[in-house]
Amino acid sequence: MKEPWRTAIVQADDSTIRLRGYDITELMQRATFADTVFLLHRERLPNPHERRLLDAILTSVADHGSGAPSCATARLAASGNRESLSAAIAAGILAVGDDHGGAGAACMEMIAAGLALGREKSLSIPDAAREVVDNARAAKKRLPGMGHRVHSVDPRTAVLFAMARAEGVAGDGVLFMEALDAATREKIKPLPINIDGALAAILHDLGFPPAAGKLIFIIGRVAGLTAEVAEEYLREKPMRIRVPVEYDGVPPRSME
């Protein structure tokens, strides 16, 4: 007899569905979607302060305009494929990577490593952040969670950090990213803490593992992708998206 799959997430039988031990019908009546996301990933329900922060993060990443890679990819797929909503939304998710929406995971790893470095060398958080910046410059690597192609100051960051402090959630993750912001201004140039850096700091302080930096972004962005694809289907004709292409290859030639 083959060994069964093992899971600690969902128990389902003929009459019940339980998520992490909680009956789904009770969650439906007493919990929010943010509660459920927290429960699925942290194995417990959040307190009201944690819920507000996770809800704010999910809202902050829901959409960033049709030109964002995930949204543009979803709409492009919807323009050519009018038969599959799921294919278009999946295409948008596949566009999420280290340069778009996925830097939160790398940023969470950087925060954890920077704080560990500080503890190891008995450095203050600002001094640890300066060393992280120096190491990145020496290795010629970008700092995840810093800089934005559109915003000189990401308007979402200050709001999330203020909420984290007001709710008593802000901890060393937020302090480290603020110290990193100061260190980059001092040693490189002003680089705004982008949404990946902001959610990474707060998710770190909420106790999430680094992978959540990308996973939580994906959960929030799916909401926007569904709206982008629905609008493409309802308002636009099939095959309406034509990406400008300029040929710069060899001139016409003959096989003779």
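The values are calculated or read from the model by the stated rules, or taken from the named source; none is laboratory data. Worth saying up front: this structure is predicted, and the values here are computed from it rather than measured. Every residue, glycine among them, receives a Cβ derived from its backbone with ideal geometry; neighbour counts consider all protein chains shown.
For L225, are the conditions met, namely being buried (at least 19 other Cβ atoms within 10 Å of the Cβ), within 23 Å of E83 (Cα to Cα) and of a type in the set (A, V, I, L, M)?
Yes.
Need pairs with beta-carbon distance below 8 Å; first residue of a type in the set (D, E) and within the range 211-230, second surrounded by fewer than 22 Cβ atoms within 10 Å (Cβ to Cβ) and modelled with pLDDT under 95; sequence gap 6+ or separate chains.
E228/D63; E228/S66
Output the residue which, of all residues in the range 114-154 that are among the small types (G, A, S) and surrounded by fewer than 14 Cβ atoms within 10 Å (Cβ to Cβ), is modelled with the lowest pLDDT.
Only one residue fits best here, namely S152.
Please tell me if A162 is assigned to a helix (DSSP H, G or I), at pLDDT 95 or above, assigned by TED's automatic domain parsing to the domain that holds A68 and out of contact with any helix residue (DSSP H, G or I) (no Cβ under 7 Å at 6 or more places or on another chain).
yes
Suppose we filter the range 1-15 for residues that are among the polar types (S, T, N, Q) and not in a loop (DSSP other than H, G, I, E, B); how many remain?
Selection size over the range 1-15: 1.
Please give the number of the condition G249 fails out of (1) modelled with pLDDT under 95; (2) not assigned by TED's automatic domain parsing to the domain that holds A72.
The one condition G249 does not meet is (1).
Just the residues that are touching a residue at least 24 places away in the same chain (Cβ under 8 Å) and either under 15 Å from L199 (Cα atoms) or β-branched (V, I, T) (or both), please, taken from the range 172-187.
D172, G173, V174, L175, F176, M177, L180, D181, T184
Got at least one residue in the range 224-231 being assigned by TED's automatic domain parsing to the domain that holds T73, closer than 18 Å to T157 by Cα and at pLDDT 95 or above?
Taking every residue of the range 224-231 in turn, none turns out to be assigned by TED's automatic domain parsing to the domain that holds T73, closer than 18 Å to T157 by Cα and at pLDDT 95 or above.
Just give me the residues in the range 7-37 being touching a residue at least 24 places away in the same chain (Cβ under 8 Å) and under 19 Å from A211 (Cα atoms), in sequence order.
Once the filter is applied, which keeps residues that are touching a residue at least 24 places away in the same chain (Cβ under 8 Å) and under 19 Å from A211 (Cα atoms), the range 7-37 yields A8, I9, A34, V37.
When you go through (1) touching a residue at least 40 places away in the same chain (Cβ under 8 Å); (2) on the phi > 0 side of the Ramachandran plot one by one for L143, which number turns out not to apply?
Among (1) touching a residue at least 40 places away in the same chain (Cβ under 8 Å); (2) on the phi > 0 side of the Ramachandran plot, L143 violates only (2).
Regarding L199, is this residue in contact (Cβ under 8 Å) with a residue 60 or more places away in the chain and either within 16 Å of T157 (Cα to Cα) or in the same structural domain as A136 (by TED's automatic domain parsing) (or both)?
yes
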